[in-house]
Amino acid sequence: MILDGKALATKIKEELKVAVENINNTYNKKPKLAVVLVGSDPASCVYVKNKKNACAFVGIESVSVELPEDTTQEDLESKLKDLNADNTINGILLQLPLPKHLNERQALNCISADKDVDGLGQENMGRLLTGEDGLVACTPSGIMELFKEYKIDLKGKNATIINRSILVGKPLFALLTAQNATVTMCHSHTKNLVEHTKNADIVITAVGKKNFLTADMIKDGAVVIDVSIVRTENGLCGDADFEAVSQKASYITPVPGGVGPLTIALLLKNTIKAFKNQNNIY
């Protein structure tokens with residue numbers, strides 16, 4: 001079965017649209033997101049446009065902060081701190097990747113934890129690991145929404161993640177563990193990767209290589225979550241050899257139309273959560 005992330009994202013956004021309308025009717029306020037873009041990377045520009053369109057759909061106000069490619073670390077951090085101090089801004093998103101001369105981790109940690117709607121700052125990552133409430137990274141949160149929507153039980157399941165980034169692997173490890181899955185995190189230095197994937201009930205791959213995950217790497221009936229978006233001459237694809245793997249998997253996400261739309265939907269959900277927390281709305 002194909003896990004339709006696009007349909008689920010639409011469902012979530014429709015629910016968020018109603019939530020924003022109710023907030024506005026009751027408090028005469030709307031959540032507001034600031035999107036910070038450094039430079040003019042084409043893919044990043046597309047992502048920012050998609051996020052702004054999604055905000056408009058659900059009624060979240062958005063503002064773009066566009067900085068030149070040669071922005072210094074000091075100037076970027078100063079802008080982020082200005083947004084922290086702006087009480088009209090509820091969420092701050094720093095579009096990644098940044099130009100190579102900038103320190104991403106240092107910049108992310110400048111964003112106030114209560115406005116860190118990407119969930120990538122050290123305080124929110126720490127809250128996730130300790131089981132406290134916070135803003136959780138959007139892509140892993142979207143994957144968990146898929147499991148919930150399709151009633152995929154995680155308790156006691158062996159889950160293998162092929163990624164150890166703060167965007168996917170590390171927060172997902174914590175989320176899956178909290179749902180009582182037994183989690184293995186693999187990466188570029190993992191030996192005998194196939195031994196881990198073939199033993200897994202759930203395989204989440206975020207490597208960024210076309211046809212990286214082949215049918216002989218998974219067991220019959222495995223759940224396959226393909227996070228990657230690989231651009232080819234023939235369009236977009238993911239890590240999985242979709243035609244072959246889908247014949248063997250019980251569930252699989254397509255690319256496009258799988259995890260990607262959910263990442264944006266969960267960004268909107270986090271922005272509304274941040275707004276409610278800041279205005280003591282429960």
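All of the numbers you see were taken from the coordinates with simple rules; none came from a lab. Keep in mind the model is a prediction, meaning the values are calculated, not measured. Here Cβ is always computed from backbone atoms with ideal geometry, including for glycine, and neighbour counts include all displayed protein chains.
Sorted from fewest to most neighbouring beta carbons within 10 Å, what does the list S62, S165, S228 look like?
The most exposed by this proxy come first: S165, S62, S228.
Using a simple spin-label model with points 7 Å from Cα along the Cα→Cβ vector, what separation in nm is obtained for V194 and S40?
Inter-label distance under the simple model: 4.7 nm.
Along its principal axes, what span do the Cα atoms of region 1-136 show, with the longest given first and each in whole Å?
So the three principal-axis extents are 40, 33, 32 Å.
HN-Hα J couplings of region 35-52 from phi, Karplus 6.51/-1.76/1.60, θ = phi - 60°, integer Hz, Gly and Pro as x?
Ordered by residue, 3J(HN,Hα) equals 10, 9, 10, 9, x, 9, 4, x, 5, 5, 4, 5, 4, 5, 4, 4, 5, 5 Hz.
Would you please give the residues with an amide H less than 5 Å from that of I162, counting only those at least 5 places away or on a separate chain, with H modeled from the backbone geometry?
C186, I204, T205, A206
Looking at region 186-251, which GluC sites (Glu not before Pro) are DSSP coil and have at most 16 other C-beta atoms within 10 Å of their C-beta? Before the final figure, lay out the partial values.
Details: sites: E195, E233, E243; in loops: E233.
Passing both the DSSP loop test and the Cβ count: E233.
To test your reading of the geometry: what angle, between 0 and 90 degrees and rounded to tens, separates the Cα axis of helix 169-178 from the longest principal axis of the chain?
Compared with the principal axis, the helix lies near 80 degrees.
Separation between the N53 and N28 pseudo-spin-labels, each 7 Å from Cα along Cα→Cβ, expressed in nm?
3.4
I need the GluC sites (Glu not before Pro) found in region 91-137, filtered to DSSP loop residues with at most 14 other beta carbons within 10 Å of theirs.
On the way: sites: E104, E123, E132; in loops: E132.
Filter output for region 91-137: E132.
So how do H187, H101, H196 line up by other beta-carbon neighbours within 10 Å, fewest first?
Values: H187 13, H101 10, H196 19.
Ordered from fewest to most neighbouring Cβ atoms within 10 Å, H187, H101, H196 come out as H101, H187, H196.
Please give the helix 259-278 orientation as an angle from the longest Cα principal axis of the chain, in degrees from 0 to 90, rounded to the nearest 10.
Taking the Cα atoms of the chain, the angle to 259-278 is about 40 degrees.
Calculate, axis by axis, the spread of Cα positions in the chain along the three principal axes, and write the results as whole Å, longest axis first.
Answer, in whole Å and largest first: 52, 43, 39 Å.
Choose one of L80, N50, S112: the residue whose Cα lies farthest towards the positive end of the charge dipole of region 27-114 (beta-carbon charges +1 Lys, Arg; -1 Asp, Glu; about the Cα centre).
The one lying farthest along the dipole's positive direction is N50.
Would you mind checking the tilt of helix 5-27 against the longest principal axis of the Cα atoms of the chain, expressed as 0 to 90 degrees and rounded to 10?
On a 0 to 90 degree scale, this one is about 20.
Please report the antiparallel percentage of the DSSP beta bridges confined to region 164-255, to the nearest 5. Before the final figure, lay out each step's value.
Values: 3 of 10 bridges.
Approximately 30 percent, going by the DSSP bridge assignments.
Do any trypsin sites (Lys or Arg not before Pro) in region 1-60 lie in a loop, going by DSSP, with at most 16 other beta-carbon atoms within 10 Å of their beta carbon, and if so which? Walk me through the numbers before you get to the answer.
On the way: sites: K6, K11, K13, K17, K29, K32, K49, K51, K52; in loops: K29.
Listed in order of number, the matching sites are K29.
Using 0.36 nm per residue of separation minus the Cα-Cα distance, give me the extension gain between E14 and S78 in nm, one decimal. Don't skip to the end; give the middle numbers.
Details: separation 64, 0.36 × 64 = 23.04 nm, distance 3.55 nm.
Additional length available on full extension: 19.5 nm.
Report, for the chain, the % of DSSP beta bridges that are antiparallel, rounded to 5.
In the chain, approximately 10 percent of DSSP beta bridges are antiparallel ones.
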